[in-house]
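Asker: I'd like to ask some things about the structure below.
The values are calculated or read from the model by the stated rules, or taken from the named source; none is laboratory data. None of these values were measured; they are calculated from a predicted model. Here the Cβ positions follow ideal geometry from the backbone for every residue, glycine too, while neighbour counts run over all protein chains shown. Each accessible area value is taken on the protein alone, full model and side chains, heavy atoms only, with ligands, DNA and RNA left out. Shrake-Rupley method; radii C 1.70, N 1.55, O 1.52, S 1.80 Å.
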Amino acid sequence: PCYLPEISEQRAIANILGTFDTKIELTQKMNETLEEIAKTLFKSWFIDFDPVRAKAEGRPTGVSKEISDLFPDSFEDSELGEIPEGWKSGNLGTLIEPKRGKVITKSTITPGGVPVVAGGIKPPYYHSESNSKSPIVTISASGTAGYVTIYYEDIWASDCSYINKEISDFVFFAHSFLTINQDRVYNLRHGAVQQHVYPKDLIELQMVIPPISIIEEYENIVSTIHEKIKCNLEEIKTLDN
């Protein structure tokens with residue numbers, strides 16, 4: 001047996017909760033759009049080389065003069081194909097070396113609210129302390145090995161590789177590169193029984209290396225996008241509770 005409020009009160013409660021659900025759904029879609037904007041800009045600058053092509057063809061670049069001046073106006077051949085003049089062919093390790101987390105098990109944690117990021121898509125449990133400050137990009141080492149995501153809260157990096165501001169100033173650049181190349185990261189998996197992806201695998205990912213000044217401009221632009229995503233996630237958490 002349980003107490004049930006009047007049907008009118010039930011409908012009022014359902015209406016309020018339904019409004020919250022709608023707000024959460026819209027905010028989640030907004031975050032998806034914001035992530036796509038960051039990835040689209042990355043593809044334009046660092047994969048399709050749109051500003052360089054525009055300058056080479058005498059067209060407007062679509063960016064401010066200060067940013068446009070950072071891009072060359074011609075291409076040159078490389079082992080990765082045609083790349084902007086003055087840029088280099090290399091690998092992720094040329095710019096960033098991800099670190100491996102410190103493995104912790106469920107039997108050794110102290111229950112708390114800090115996500116433990118291990119070999120999977122979601123945290124398997126929560127600890128009372130962190131070992132890595134946000135924002136932090138993680139790459140699962142086992143389970144769903146190679147899965148890339150980003151956390152806007154401090155975490156305990158366990159069975160994963162990670163990149164944060166203590167490792168590189170280009171956390172959001174790294175996130176865009178790795179998520180755009182998610183399939184390539186999955187292809188790094190190795191192991192007969194249980195597959196793994198470690199930092200030594202990630203640093204071998206080939207990429208075109210642009211000048212640091214252009215990476216810094218990208219980082220500055222998308223940091224605003226990621227800050228909005230972070231605020232939206234906090235709002236979702238509040239509404240969900």
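Asker: Return P(r) of the range 66-159 (all Cα-Cα pairs; 5 Å bins starting at 0; whole %; ordered from short to long distances).
Answerer: Per 5 Å bin, starting at zero, the Cα-Cα P(r) for the range 66-159 comes out as 3, 12, 18, 16, 11, 7, 9, 9, 7, 5, 2, 0 percent.
Asker: Right, another one. Using a probe radius of 1.4 Å on heavy atoms only, what accessible surface per residue do you get for the range 132-241? Whole Å² is fine.
Answerer: So the range 132-241 comes to 43 Å² accessible per residue, rounded to a whole number.
Asker: Quantify, in whole percent, the carbon and sulfur part of the accessible surface of the chain (1.4 Å probe; protein heavy atoms only).
Answerer: 51 percent
Asker: Further, regarding this structure: Determine which aspartates and glutamates satisfy two conditions relative to residue 237: a Cα distance under 18 Å, and not lying fewer than 8 residues away in the same chain.
Answerer: 21, 25, 32, 153, 154, 227
Asker: Where does helix 212-240 land angle-wise versus the long Cα axis of the chain, in degrees 0 to 90, nearest 10?
Answerer: 10 degrees
Asker: Give me the lysines in straight-line cross-link reach of residue 39: C-alpha distance below 17 Å, same-chain residues under 8 apart excluded.
Answerer: Within reach: 29, 228, 230.
Asker: Using a Cα-Cα cut-off of under 12 Å, which aspartates and glutamates could be cross-linked to residue 99, ignoring same-chain neighbours fewer than 8 residues away?
Answerer: Correct list for residue 99: 159, 166, 201.
Asker: What are the trypsin sites (Lys or Arg not before Pro) within the range 89-162 that DSSP puts in a loop, where the Cβ has at most 11 other Cβ atoms within 10 Å?
Answerer: 102
Asker: Another one. If you fit an axis through the alpha-carbon atoms of helix 171-180 and take the longest principal axis of the Cα set of the chain, what angle between them do you get, 0 to 90°, nearest 10?
Answerer: The two axes meet at around 90 degrees.
Asker: To the nearest 10 degrees, how steep is helix 7-42 against the longest Cα principal axis of the chain, on a 0 to 90 scale?
Answerer: On a 0 to 90 degree scale, this one is about 10.
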